[in-house]
Structures are given as C-alpha cells and as structure tokens.
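One structure is given here, and the rest of the page talks about it.
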Amino acid sequence: MTTITWIGLGHMGGPMSANLVKAGHKVRGFDLSQEAMGAARAGGVQTFGSMREALQGAEVVFTMLPKGEHSRAVYLGDDGVLALASQDALLIDSSTIDVETAVALHRAAQAAGFEFLDAPVSGGISGAAAATLTFMIGGATEVFEKAKQFIEPMAGRIVHTGEAGTGQAAKIVNNMMLFISLEACAEGSVLADRLGLDPKVFWDIASVSSGNSWALQTWYPSPGLVDSAAANNNFQATFSAVLAAKDAGLALAAGEQTGVNLPAAEIAAQRFQQLIDEGYGNLDCSLIAKYAAPDGKI
Ligand code: NAD
C-alpha cells in the first residue's frame with residue numbers, strides 16, 4: 001500500500017482516484033470544490049481542508065486539474081506541491097495542458113529535486129470509471145518505469161511518448177482528432193434525423209461502417225443510443241465545452257507554432273466557443289450538435 005495524494009477530484013480525478021483506493025492504496029485528496037470532495041469520499045478517498053494537509057506523507061502525488069494555469073498554481077505556488085511535498089514524492093500531472101507549461105513544470109520540479117511526469121489521459125469519464133484510460137507519458141524512462149505500477153489500476157494502455165512535454169503533445173493532437181469526429185457525429189446525427197432515418201437504425205449502421213469513431217461510440221449526441229452520452233442527461237457535462245475549447249485552442253496554437261493548417265479543428269473550436277458565448281460553457285461539448293440543426297433543436 002502506498003500513500004497517494006490526489007489534487008483535483010472532478011469528473012476525471014474522482015473516478016481515477018477511486019480506482020487507486022480499489023487497488024489498495026491510501027488516497028489523500030484535495031479539491032477546491034466541496035461537492036467534488038464529497039463524491040471522492042464516496043469512492044473511499046480521505047479528503048482534507050487544505051493541500052498542505054492532503055500532501056502529508058505522500059509518496060506519490062497525482063494532479064488532475066482543468067488548465068495549465070491551475071497546474072502552475074498547484075505545483076509552483078507558495079503553498080504548492082513543490083514547496084510542501086516530501087522531496088522523495090513522485091509527481092504526476094494528468095491534466096491536459098499546453099506543452100510549454102508541462103516543460104516548465106518538469107524543469108521546476110527537477111530544480112527542486114523532484115521526479116515529475118506529464119501524463120495526460122484519453123478515454124473520458126467512462127474510461128476513468130472503468131479503469132481503461134490511455135496514459136500518454138512524457139519524462140525520463142526510469143521515472144516512467146517507477147510510475148507505471150501506480151498508473152496501472154487506472155489504465156488500459158500506458159505509453160511512454162518520450163521526453164518532457166511529449167505526453168501533452170500526443171494528447172493535444174488526439175483531442176483535436178476527437179473534436180473533428182465529434183463535429184462529424186454532430187452533423188451526421190442531425191442530417192440522419194432530418195432525412196427521416198430512425199436514430200437507432202442509423203447509429204447501428206454507422207457503428208459497423210466507415211462512419212464509426214470513438215465519438216460515435218461514446219458521445220453520440222442523440223439521446224437513448226449510447227449509455228455514456230451526455231445527450232441522455234440533458235447535456236450535463238462529461239467533458240465541458242470550456243475544457244473542449246481549451247484543448248481545441250491548444251491544438252490551434254500548436255498549428256500556428258508549427259505552420260500546420262488545421263481548418264477542421266478551427267470549425268470545432270468555433271463551435272465550442274459559440275457554446276461558451278451563449279452561456280452553455282459548463283454543459284457537455286457534444287451539445288455542438290445544436291448548431292447543425294437550423295432551428296437549434298436536437
Ligand atoms: P473538472 O473541472 O471536472 O475537474 C477539475 C477539478 O480541479 C475541479 O473539481 C476543480 O475544483 C479542481 N481544481 C481547480 N483548481 C484547483 C486547485 N487549485 N486545487 C485543487 N483543486 C482544484 O475537469 P475534468 O473533466 O475532471 O478534467 C480534468 C482534466 O482532465 C482537464 O485538463 C481535462 O482537459 C482533462 N480530461 C478530461 C476528460 C473528460 O472527459 N472530462 C478526459 C480526458 C482528459
């Protein structure tokens with residue numbers, strides 16, 4: 001049994017930390033949201049009123065935070081992980097953030113004597129609950145090897161992508177492809193409906209045909225077809241439009257830096273921004289399907 005501190009117990013961090021508890025580890029959690037901490041306690045995580053308390057005795061620290069600015073604050077702040085954790089703690093950031101921040105965190109951790117990995121994940125909240133996430137991990141090989149045993153209880157696949165920041169690079173590209181296939185599902189689901197097709201008949205065809213994708217299998221934006229889809233639950237977020245806009249923005253910034261043209265990603269990014277502008281930022285990103293419907297009704 002290892003003492004693990006988990007910071008950021010939201011949609012992803014909640015079920016991921018619960019799987020570490022199931023694997024027999026002692027998990028000490030902290031989140032700014034009382035609601036998130038309550039849900040984590042139901043999964044067997046012991047929660048604390050401050051990061052300082054949660055970090056006591058930590059042999060491993062995982063963070064699962066919204067954006068780069070949150071990871072910077074949690075690691076680099078005066079009351080942050082680098083200031084408060086024991087130096088032999090292994091640090092693993094599973095948030096999806098920009099490569100620059102990830103590399104800066106590697107450098108700061110190293111300068112403070114810590115081992116650190118960028119370890120973003122793919123698989124959504126259903127993958128988090130089922131412990132089938134794909135982890136993409138940037139950092140030194142020996143640190144990767146050491147970390148694997150703590151990641152295994154949450155993972156379907158664990159891939160060492162290379163040096164510092166490469167986990168985030170893989171994740172940003174992967175999500176860009178997801179958003180493009182989500183836009184395809186958004187347009188396809190509405191067009192199939194307006195052509196008079198029974199949604200289930202069409203979904204069954206696409207799911208065994210060339211229209212298939214992870215988005216179709218997991219986030220299809222039409223109710224009653226896919227258990228894990230937010231469409232079944234009035235688009236309550238499994239992955240919020242705010243976070244999708246953040247990740248699409250990371251891909252577009254990377255495209256600008258490298259001179260790569262990303263017109264399809266631009267459309268997906270505009271759709272997520274439109275949701276935010278219309279006040280739907282905290283709802284699920286699959287609500288972009290409404291923009292395919294001329295009357296906005298899906
Ligand atoms: P979320 O907003 O549900 O959870 C993030 C949590 O971090 C929140 O509970 C928030 O209160 C907490 N937090 C923020 N600042 C904090 C701080 N300073 N100290 C402690 N807690 C703090 O987000 P999520 O959907 O769980 O996503 C987390 C990360 O994982 C994001 O980077 C996201 O892009 C990525 N991700 C999400 C999914 C998904 O399907 N939801 C899938 C893969 C990756």
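Restricting attention to region 11-30, does a residue exist that is at pLDDT below 95, away from the ligand (no atom under 14 Å from the Cβ) and either closer than 18 Å to PRO153 by Cβ or not in a loop (DSSP other than H, G, I, E, B) (or both)?
Scanning region 11-30, I find no residue that is at pLDDT below 95, away from the ligand (no atom under 14 Å from the Cβ) and either closer than 18 Å to PRO153 by Cβ or not in a loop (DSSP other than H, G, I, E, B) (or both), so the answer is no.
Within region 103-147, which residues are out of contact with any strand residue (DSSP E or B) (no Cβ under 6 Å at 6 or more places or on another chain) and either modelled with pLDDT under 95 or farther than 23 Å from GLY77 by Cα (or both)?
Listed by number, the residues that qualify are GLY124, ILE125, SER126, ALA128, ALA129, ALA130, ALA131, ALA140, THR141, GLU142, GLU145, LYS146.
Give the residues of region 87-114 that are crowded, with 20+ Cβ neighbours inside 10 Å, in contact with a Leu (Cβ under 6 Å, 6 or more places away or on another chain) and either part of a loop (DSSP other than H, G, I, E, B) or among the charged types (D, E, K, R) (or both), sorted by residue number.
If the condition is that a residue be crowded, with 20+ Cβ neighbours inside 10 Å, in contact with a Leu (Cβ under 6 Å, 6 or more places away or on another chain) and either part of a loop (DSSP other than H, G, I, E, B) or among the charged types (D, E, K, R) (or both), then SER95, ASP98, PHE114 are the ones that fit.
For region 125-152, which positions are surrounded by 22 or more Cβ atoms within 10 Å (Cβ to Cβ), among the small types (Gly, Ala, Ser) and assigned to a helix (DSSP H, G or I)?
GLY127, ALA128, ALA147
Tally time: how many residues in region 153-175 are within 26 Å of PRO263 (Cα to Cα), more than 13 Å from the ligand (Cβ to nearest atom) and assigned to a helix (DSSP H, G or I)?
So the count comes out to 3.
In this structure, does VAL201 turn out to be farther than 19 Å from THR96 by Cα, free of Cβ contacts under 8 Å to residues at least 60 places away in the same chain and buried (at least 20 other Cβ atoms within 10 Å of the Cβ)?
The answer is no for VAL201.
When you scan region 121-133, do you find a residue that is touching a Leu at 6+ places or on another chain (Cβ under 6 Å), touching a residue at least 24 places away in the same chain (Cβ under 8 Å), in the same structural domain as HIS11 (by TED's automatic domain parsing) and over 22 Å from ALA241 (Cα atoms), even just one?
The first filter runs over region 121-133 and keeps only residues touching a Leu at 6+ places or on another chain (Cβ under 6 Å), leaving 121, 123, 127.
Cutting the leftovers down to touching a residue at least 24 places away in the same chain (Cβ under 8 Å) gives us 121, 123, 127.
Narrowing further to those that are in the same structural domain as HIS11 (by TED's automatic domain parsing): 121, 123, 127.
The next check asks that each one be over 22 Å from ALA241 (Cα atoms); those that pass are none.
Taking every residue of region 121-133 in turn, none turns out to be touching a Leu at 6+ places or on another chain (Cβ under 6 Å), touching a residue at least 24 places away in the same chain (Cβ under 8 Å), in the same structural domain as HIS11 (by TED's automatic domain parsing) and over 22 Å from ALA241 (Cα atoms).
The values are calculated or read from the model by the stated rules, or taken from the named source; none is laboratory data. Bear in mind the structure is a predicted one, so any value in this text is a computation, not a measurement. Virtual Cβ from ideal backbone geometry, glycine too; neighbours counted across all protein chains shown.
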